[in-house]
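Right, one structure below, let's go through it.
The values are calculated or read from the model by the stated rules, or taken from the named source; none is laboratory data. Computed from a predicted model, the values in this text were never measured in an experiment. Cβ placement follows ideal geometry from the backbone for every residue including glycine, while neighbour counts extend to all protein chains displayed. All accessible areas refer to the heavy atoms of the entire protein, side chains included, with ligands and DNA or RNA removed. Shrake-Rupley method; radii C 1.70, N 1.55, O 1.52, S 1.80 Å.
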Amino acid sequence: MWMKNAWYVAAFSKEVHTNLLARTFLGTRVVLYRQEDGQVAALEDSCAHRRLPLSFGHVENDRLVCGYHGMSFGADGKCTGIPGQERIPPAARVRAFPIQERHDLIWIWLGDPALAGQSSPPDAGRMKHPDWVPSAGYCHLEADYRLLNDNLLDLSHVAFVHGRTIGNTAVAQSPIKVSQQGNVVSVHRDVVGAHAPPFYAHLGGFRQPIHRWHTVNYHAPSTCIIEVGCEAMQPGDGLGRIEGVVMHLITPETEDSSHYFWAFIRRFRQDEPALTEYIRQAIDATHTEDKVVVELQHAALTAPQRENPVNLAIVVDSGPLRGRRLLEELIQQEPSAPAPEPVPAHLAG
C-alpha cells in the first residue's frame, strides 16, 4: 500500500550527472539525468514506441535518445524527433515526474503532478548547514518499506540487534512517550544512568554513565528524522554533551523491496574527516544488521502458507501502530485510494 501523492527521495545529488540513472519507485521504472543547466529530469523508463527502457539509450543535447529507434524525448516527456520522419504523433510522449533538488537530495513525486506544488519534502536542511557535518549512505532492502518504518518507530530493538554499535540493554528497559502532532508521530526515550554503547562512547569519549536520549519523528509516508544526543552525568567526562540527527529516507521500490537513504549529521568534532568516515562505516554496519532482521521478517510475514500467525502486541508496538494508522488515513484521503488493508497481526492489539 503506497501513498502516491508525496515526495520521496530518488537519489543523492552526487549520483545524478549527465549519465542515466535507472531506478524503480512505487513499482514504476524511472530514469533520471542532469541537464546542461544543472536541472534534473525524471522520465518513465519506457519508450513510447516499443517500451524498451530509455535507460538503454543516451543523453544528447538535454534530450533522452532511445537506444532502439533513436526517438528523442525532452525533460517534459514529449518526443522531439523521430529519425526518418518529420511528423511526431501526439502519442509519442512518456510520463515526466516533478523533481525537487535540495540539500544534496533529489526528491521525486510519483502521484498527480498537479498536486506536487501543494506540499514540500521534509526538512533536511542540516544536510547542508555549515554547522553540521553529514555521513551518508544507501542500503537496498528486500522488504516492505512499512517494516522499516516499524523498525525505526521502535528503537528498543537496538539493545539486541545493534549491541556491538549503538545499543545496550538499558535502551529496551527505558520507557517511551508516544505523541502525534498533525501528520508527525513522535516516540521519545530517555536512557539515564547507563554507560554509552560503543558507538557513542567513541564519538563523545564518555567513560562514566550518561544521560542518553532519542526522539523519532515519523513523517508519513516514509521519512524518520531521529534527534539523538548524550550528556555526561559526571563533570569532565568526555565531551560533556554531543548532539546529532539521523535522517532515514525510505522510498518503496516494489511491494517487496525498498530504497533506504540515510545520513548521520553531527555538530561536534566537525573538522575530523576520519570521524566522518568512521561514522559512515559504523552506521553502514548497523543498517546491514537491520537489513538482515527486516528481510527475514518480511519473508516470514509474506510466506504463502504461514503456519504460525502472529497475534501478539507489546508496549513497544505503540509507536509503529500509531504510524501505521496515520499512513493508512493519509492513503485513504488520496483520490482513487485502494481499499484499506487490515493492520498486520503482529501490530494488532
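Quick one: would you say P175 is out of contact with any strand residue (DSSP E or B) (no Cβ under 6 Å at 6 or more places or on another chain), surrounded by 17 or more Cβ atoms within 10 Å (Cβ to Cβ) and more than 16 Å from V245 (Cβ to Cβ)?
Answer is no for this residue.
Can you name every residue in the stretch 151-172 that is touching a Phe, Trp or Tyr at 6+ places or on another chain (Cβ under 9 Å), open to solvent by less than 20 Å² (accessible area, probe 1.4 Å) and free of Cβ contacts under 8 Å to residues at least 40 places away in the same chain?
G167
Can you spot a residue in the stretch 136-143 that is part of a loop (DSSP other than H, G, I, E, B) and either hydroxyl-bearing (S, T, Y) or farther than 26 Å from R324 by Cα (or both)? I'd like the intermediate steps shown before the answer.
First, pick out the residues of the stretch 136-143 that are part of a loop (DSSP other than H, G, I, E, B): 142-143.
Then keep just the ones that are either hydroxyl-bearing (S, T, Y) or farther than 26 Å from R324 by Cα (or both); that gives none.
No, the stretch 136-143 has no match at all.
Starting from the stretch 189-203, take each residue that is among the charged types (D, E, K, R) and list its partners that are outside any strand (DSSP E or B), counting only C-beta distances under 9 angstrom and pairs at least six apart or across chains.
If the second residue must be outside any strand (DSSP E or B), the pairs left are R189/L155; R189/S156; R189/V171; R189/S174; R189/P175; D190/S174; D190/P175.
What number of residues within the stretch 36-55 are basic (K, R) and in contact (Cβ under 8 Å) with a residue 60 or more places away in the chain? Talk me through it step by step, then tell me what you get.
Our first condition is that a residue be basic (K, R); within the stretch 36-55, this holds for 50-51.
Checking the rest, the ones that are also in contact (Cβ under 8 Å) with a residue 60 or more places away in the chain come to none.
Matching residues across the stretch 36-55 total 0.
Suppose we keep only residues that are without any contact (Cβ under 8 Å) to a residue 60 or more places away in the chain and of a type in the set (K, R) within the stretch 8-35. Which one would you say is surrounded by the fewest Cβ atoms within 10 Å (Cβ to Cβ)?
R29
Can you list residue pairs whose Cβ atoms sit under 7 Å apart, with the first residue in the stretch 115-128 being over 21 Å from Q270 (Cα atoms) and the second being among the β-branched types (V, I, T)? Count only pairs 6 or more apart in sequence or on different chains.
These pairs meet every condition: P122/T223; P122/I225.
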